[in-house]
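Please read the structure below before turning to the comments.
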Amino acid sequence: MKVIDSFCFPLLSRNEQSLLDEPPADLDRLRTSIALKRYFCLFGRDIRSCEPFLMAVSQTPKAGALGLIPSKLSPNDPWWDYQSQFSGFVLHPYLQDLSELQGLQQCISAGIIAGRPVFVSTAIGSQKMYRIFPLKVAHAVAQLLSSPVVLAHAGGAQVLEALLIADANPHVYLETSFSLHYWQGSSVENDLAFAIKKLGAHRCLYGSDAPFCSEHEALEAHVNFFNKHNFSDSCVNSIMHENAQQLMG
């Protein structure tokens, strides 16, 4: 099975705080992968510390980078100098405490999105879950953009709401990382199967969320899911690599 991993992290441990505070691990120190290509999310507050990683990514066809869009950007922020190296962008409502989209609006005004996808983390659940609403953020992003918007984690426990956002906006996609593995065996898993079939496999992407979910665990969960819910080979190929290939170029 061909695989493109649309959502993973350049970390050696499952430490969420390190997403913001530590530079990415060296590319050659990360676990080897069966994926044809992996798109690594760069969440570091100090974008300059990501420069060696971005240079390594630029030298291999097996990796790409998704850059976190800061909540606010000053004209002299060094982030502007690095954004051209990203294959796409990410917003994380919980980690960034997003109540407004000033940073994204600045990017739109500067014309730098330019068709590149914007991933919005939409897993539901944290100590902020009744203060920050990821799907509301995702809906607002979809209204601002005409370029692809990807709902990372497919809305998690609120996958049916994520489906409705995607169904109303043809440029919105669902992405399976974390949620498919976490919710396997639950009613959410059944809802995720319904959502993918309702929306169409051509609007869904595979992600592992590694290292928070190991690649092995992620792939095993997906294979079991596809078999259990009777997905055709063509649907599996679309989700696991073809859609990402088309979306990210």
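Taken together, the residues in the stretch 195-231 that are open to solvent by 40 Å² or more (accessible area, probe 1.4 Å), outside any helix (DSSP H, G or I) and free of Cβ contacts under 8 Å to residues at least 24 places away in the same chain amount to 1.
Report, by residue number, each residue of the stretch 3-36 that is more than 22 Å from SER71 (Cβ to Cβ), in contact (Cβ under 8 Å) with a residue 40 or more places away in the chain and open to solvent by less than 50 Å² (accessible area, probe 1.4 Å). Within the stretch 3-36, VAL3, ILE4, ASP5, SER6, CYS8, SER33, ALA35 qualify. As a summary of the residue check, PHE9 satisfies the conditions (1) modelled with pLDDT of 95 or more; (2) more than 30 Å from GLU242 (Cβ to Cβ); (3) within 17 Å of the chain's Cα centre (by Cα) except for the one numbered (2). Taking residues in the stretch 65-79 that are touching a residue at least 60 places away in the same chain (Cβ under 8 Å), and partners anywhere that are assigned to a strand (DSSP E or B) and surrounded by 11 or more Cβ atoms within 10 Å (Cβ to Cβ), not one pair has Cβ atoms closer than 6 Å while being at least 6 places apart or on different chains. Contact map, the stretch 233-244: first residue hydroxyl-bearing (Ser, Thr, Tyr), second residue part of a helix (DSSP H, G or I), Cβ cut-off under 8 Å, separation 6 or more or different chains; pairs are SER234/ALA201; SER238/ALA201; SER238/HIS202. If a residue has to be outside any loop (DSSP other than H, G, I, E, B), open to solvent by less than 20 Å² (accessible area, probe 1.4 Å) and out of contact with any helix residue (DSSP H, G or I) (no Cβ under 8 Å at 6 or more places or on another chain) to count, how many in the stretch 68-102 make the cut? Number satisfying all stated conditions: 1.
Here is a check on your reading of the model: is LEU192 open to solvent by less than 30 Å² (accessible area, probe 1.4 Å) and touching a helix residue (DSSP H, G or I) at 6+ places or on another chain (Cβ under 7 Å)?
Details: open to solvent by less than 30 Å² (accessible area, probe 1.4 Å): yes; touching a helix residue (DSSP H, G or I) at 6+ places or on another chain (Cβ under 7 Å): yes.
Here the answer is yes, as LEU192 does meet what is asked.
Scanning the stretch 175-191 for residues that are in contact with a His (Cβ under 9 Å, 6 or more places away or on another chain), farther than 18 Å from GLU215 by Cβ and not polar (S, T, N, Q) yields a count of 1.
The values are calculated or read from the model by the stated rules, or taken from the named source; none is laboratory data. What you see is a predicted model, and the numbers here were worked out from it, not measured in a lab. No Cβ is skipped: glycine too gets one built from the backbone with ideal geometry, and neighbour counts run over all protein chains shown. Ligands, DNA and RNA are excluded from the accessible area calculation, which covers all protein heavy atoms including side chains. Shrake-Rupley method; radii C 1.70, N 1.55, O 1.52, S 1.80 Å.
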